[in-house]
Each structure stands twice: as C-alpha cells, then as structure tokens.
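The values are calculated or read from the model by the stated rules, or taken from the named source; none is laboratory data. Computed from a predicted structure; not experimentally measured. Because the Cβ atoms are built from the backbone with ideal geometry, glycine has one as well, and the counts that use them run over all protein chains shown. For the accessible areas, the whole protein counts, side chains as well, though only heavy atoms, and no ligand, DNA or RNA atoms are used. Shrake-Rupley method; radii C 1.70, N 1.55, O 1.52, S 1.80 Å.
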Amino acid sequence: MRGAPTILHLDMDAFFAAAEQAAKPSLRGKPVIVGGLGPRGVVSTASYEARVFGVHSAMAMAQARRLCPNAAYLTPRFTVYRQVSDAVMALLHALSPLVEPLSLDEAFVDLEAGGTEPAVGAARAVGERLRADIRAVTGLTGSVGLAGSKMLAKIASEQAKPDGLVVIEPGTERELLGPMPVRTLPGVGPATAEALRRAGIHTVAETREAGEAELVRLLGRAHGASLHLMADGRDERPVVAERDTKSVSVEDTFDVDLTDRTRVQLEVARLADRCVRRLRAAGHSGRTIVLKVRRYDFSTMTRSETLRGPTDDPAVVREAAARLLEGVDTTAGVRLLGVGVSGLADFTQEDLFAQAAQAAHEALEDAEAAPGGGGAETAGPGPEEAVEHTGRPRRWLPGEDVRHSEFGAGWVQGSGVGRVTVRFETPWSDPGRVRTFAVDDPALEPGEPLPLLEPAGGPETGPGPHGDPGGGPGARSRHDRDHDHGQGHDHGQGRDQGQPVTSSP
C-alpha cells in the first residue's frame with residue numbers, strides 16, 4: 001500500500017454504446033445496446049439510458065429485448081473502438097511509462113513512475129486533466145479512480161461513474177470497504193461468494209472479522225490468505241506495463257445449431273484464417289493449434305496439436321484444425337466453434353510442408369476461379385472473403401457504416417424482406433434522414449467509419465445530409481456543437497455527463 005493515491009484506474013463510460021452515440025447523432029440520449037444480435041447473442045455494452053431498464057453487460061440479448069424493446073440494437077464496430085482505445089492509451093502513456101491495459105476501455109497507471117508528486121492534490125490534478133484530455137481527443141467520457149493500490153483505484157472508478165473522479169485517501173480504506181458486499185473484492189466470484197455466504201459472511205467487514213485462519217479453512221491457503229489481505233485494504237500488486245500474450249483465438253456462436261458436416265468444416269476453415277490474421281497483426285507465430293467445439297447440450301470439447309515449430313501460415317493452421325475436427329462427432333449439432341494458437345513466438349520457422357500446402361491451396365483457389373472451375377467446398381471463401389470479392393456484404397447489419405453515391409455517409413438501421421433502411425448522418429451533423437433501398441442497390445456500398453470528432457478544417461467527406469458546414473480552425477467536439485445548437489445537459493439522471501438530452505425513443 002502506498003502513502004499517496006498515485007495509482008490511477010481509468011474506465012471509459014459505457015464505452016461501445018457511448019462511441020455509437022457519438023457517431024450517430026440520432027441515438028444520443030436514447031437507449032443503445034451493442035452486442036450479438038442473434039437469438040444467442042449477448043450484450044457487450046448498454047448505454048446508461050438502457051441500464052435504467054435493467055439491461056447490463058453479459059445479459060442474454062433476448063432478455064435485453066424483453067426489458068428494453070425500443071432500444072437501438074447494434075452490432076459492434078471494433079475498428080472504431082480500437083481507434084478510440086489507441087488514442088486513450090496514448091494519453092495514459094504520456095502520464096507514465098507504467099500503463100497496464102486490462103481491455104480496450106480500461107487500464108491502470110502508476111503515476112509515481114511518471115514523476116507525479118506523491119500527494120493527493122497532485123494526483124487529483126492529473127486525473128482531472130486526463131478526463132478533460134479524453135473528452136477533447138475522443139469526444140467521450142471516462143471515470144477515474146485514484147488510490148494507493150490497484151484494488152482501491154478500481155473501486156474508486158466504479159464509484160465515480162459516470163464521468164467522474166473519486167480519490168480514496170490513505171487511512172480511509174477500512175472504513176470505506178467495510179459495508180461493501182464481498183463480491184467487491186478481486187477474485188471473489190459466484191462460487192467463492194456462495195461459500196462465504198454459507199458461513200454467514202456477506203460484507204467486506206465480516207470477511208475481515210472472520211480472520212485469516214477461517215478464510216483459509218473455507219477457501220484454501222492461497223485464496224483465503226489473499227482474500228484476508230484484500231478485506232483489510234492491503235493490495236501490493238504492482239502496475240505491470242506489459243502482459244505477455246499466451247494465446248490468440250477466435251470463436252463464433254451460431255444462431256442455429258450446425259448439423260451439416262460440410263458447413264462445420266467451412267466454419268472451422270474460416271475461423272482458422274481469422275485467427276491467423278489476428279496472430280499476424282500481433283506480430284506472433286505459434287506452435288500449438290487448438291480447436292474448441294461446444295455441442296447442442298453445452299458440453300465443450302477442446303482438441304490440440306503441437307507442430308514441429310512455430311507458424312503463422314494460414315494453410316498450416318487450417319489443415320491442423322481440420323485434422324482435429326476429424327476426431328470430433330458433430331452429428332448432434334454444434335453451438336459454438338473456435339480456433340486458437342498458443343505456444344507463441346516472435347518468429348516463424350520456415351516449413352517446406354507449409355509452403356507446399358499454401359501453394360496447393362492457392363492452386364485450388366485459382367482452379368475454382370477459372371470458368372467451369374468447381375473444387376472442394378472446404379477451400380471456398382468464407383463470409384469475410386465473400387465481402388472482398390463482391391464489394392457488398394451478404395447482409396446489412398444494424399449499426400454498420402455505409403455510403404450512398406447520392407446521399408453520402410450513413411449507417412444501417414435495419415434490413416429485411418429484401419430492403420435495407422439507412423439513416424444518413426455524420427458524427428458532427430444534426431440527426432439525419434432515413435431512407436430505404438433494395439438490399440442489392442448498386443448505389444449503396446459499405447463505408448469506412450468516420451472520426452467521432454469533426455476533422456480540422458471541416459469534414460473531408462463533404463457536407464452531411466443537412467448541408468452541415470465544416471470549416472472550423474480545429475477539431476470540434478460534439479459537446480461544442482450541441483452547445484451551439486442550444487441543447488441542454490442532464491447531470492443527474494444516470495447518463496454520461498455531457499450527453500445531449502433528446503426525446504425518448
């Protein structure tokens with residue numbers, strides 16, 4: 001424990017949903033839910049307006065729709081979220097060389113390592129400046145917690161939500177933690193909480209009073225001793241600048257169980273290619289290929305194969321995953337498939353067999369592309385490759401960016417029965433017009449995400465649907481534009497502060 005609150009925890013407010021509200025003026029102040037939209041989808045993030053209805057992260061999307069039927073339901077746009085996350089992480093790295101990212105929207109920072117004076121006032125000033133910088137650079141808001149340990153800094157940022165800053169001063173830890181539920185402590189999940197509940201332990205104070213010996217008896221030596229320290233407010237974990245990536249994996253859950261063996265093989269090949277793209281983007285190769293299969297009854301099996309040397313060759317990973325699939329019975333139905341690579345390295349061992357496999361795969365693709373060609377289905381393009389060849393996605397997903405040759409940039413509100421509905425607006429325009437087109441309208445194409453803040457000198461993509469002018473001397477936040485339009489702000493209704501208030505959906 002430190003004698004000054006110089007460990008900072010940043011958590012962006014309702015990150016995915018807030019980014020979508022910033023990008024889509026018509027959704028500001030309204031319930032927005034981001035996640036998988038299929039029958040088995042899960043909520044990734046819900047805006048504060050949606051949380052009023054009881055919607056929260058990790059909830060089944062079907063339940064969210066029952067609780068909040070009038071919300072905007074959108075598919076995630078990870079390209080946008082990563083761009084915003086990179087900008088936020090750059091601000092954190094400017095504060096200190098010790099930054100420990102936990103996810104796209106969350107990180108710890110050791111302020112002392114960056115030269116911040118170990119005093120309450122100095123730490124608070126850094127936190128306030130960070131919040132202002134995040135708003136200026138991204139247009140979004142983040143909550144900041146400051147304390148003498150990682151555990152307390154995270155608790156402080158939770159208390160600060162939304163768009164706030166909380167400092168836990170040294171000496172106040174025990175009093176603060178005492179009445180909190182035991183689930184507040186790191187490492188206390190449902191199973192541990194249930195074991196403690198059966199022993200009559202519900203709060204952090206009761207956990208501390210139980211004593212180390214009793215906690216060790218209930219939970220085992222390592223877990224019990226660690227929990228006793230946490231309950232006493234003691235957390236000596238350092239901020240770790242780099243976390244070693246141990247594996248790279250991708251997986252998909254299917255709306256309807258897959259029973260056709262050929263379809264299962266196609267999906268495994270597609271996942272293998274996606275996994276390799278992610279592997280290469282991280283600058284890694286790997287030796288162990290892992291296949292994950294979750295069947296209709298939720299039973300999950302994993303199979304793995306270790307190669308002679310590390311690889312980032314898509315053909316090698318595809319073939320290894322296909323071999324692993326041969327030993328798995330999928331006739332009763334497959335709910336989820338995943339492909340991963342572990343045993344990571346920063347180099348690739350040249351493999352003649354891999355080169356031969358890749359050449360064979362490319363030859364097969366060439367044969368299929370030739371007139372009258374028709375090779376094995378397992379070598380055919382997956383959905384992502386189909387997008388590249390056709391220039392148009394197989395289906396229009398709610399929330400994705402599009403561009404129309406006449407009406408400009410917009411986003412998909414919904415599609416069905418051969419039609420797609422698009423709202424034409426930009427992050428820096430007024431709420432835009434809605435228009436409907438045939439799904440195969442040649443004038444409508446997938447678009448690139450626009451920046452959340454208006455570019456310096458005005459938008460390069462041309463005027464919005466209302467002729468919204470650009471031309472400012474620098475980037476302007478949506479907060480500035482909303483002020484220009486005379487819109488007010490609600491600072492006490494559970495929304496991100498600074499979000500414009502509009503009519504309910």
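A 1.4 Å probe over all protein chains sorts His56, His284, His404 by accessible area into His56, His284, His404, starting with the largest.
Around Asn70, with a cut-off of 14 angstrom between Cβ atoms, what is the net charge of the other residues, counting Lys and Arg +1 and Asp and Glu -1? Residues close to Asn70 contribute a combined charge of +2. Volume per residue of the convex hull around the Cα atoms, evaluated for the stretch 1-126, comes out as 130 Å³.
Relative to the current alpha-carbon distance between Glu406 and Ala225, full extension at 0.36 nm per residue lengthens the span by 58.6 nm. Per-residue SASA remark: Ser226, around 50 Å² accessible (1.4 Å probe; ligands, DNA and RNA not included).
Take the Cβ atoms of Glu236 and Gln63, set R0 to 35 Å, and the FRET efficiency comes out at 0.30.
At the residue level, Ser85 shows approximately 10 square angstrom of accessible surface with a 1.4 angstrom probe and all protein chains present. To put it simply, the accessible area of the stretch 159-311 at a 1.4 Å probe is 48 percent carbon and sulfur.
Between the C-alpha center of the stretch 391-430 and that of the stretch 240-264 there is a gap of 28 Å.
Within the shell of other residues whose beta carbon sits under 9 angstrom from the beta carbon of Phe254, the net charge comes to -2, with Lys and Arg scored +1 and Asp and Glu -1. When both bridge partners sit in the stretch 92-242, DSSP labels roughly 60% of those beta bridges antiparallel. Averaging Cα coordinates gives a centre for the stretch 54-80 and one for the stretch 296-314; these two points are 31 Å apart.
Other residues with beta-carbon under 13 Å from the beta-carbon of Thr184 carry, at +1 per Lys or Arg and -1 per Asp or Glu, a net charge of -1. Note on the stretch 149-274: percent of Cα-Cα distances in each 10 Å bin, starting at 0 and stopping at the bin with the largest distance, equals 11, 30, 21, 17, 16, 5, 0.
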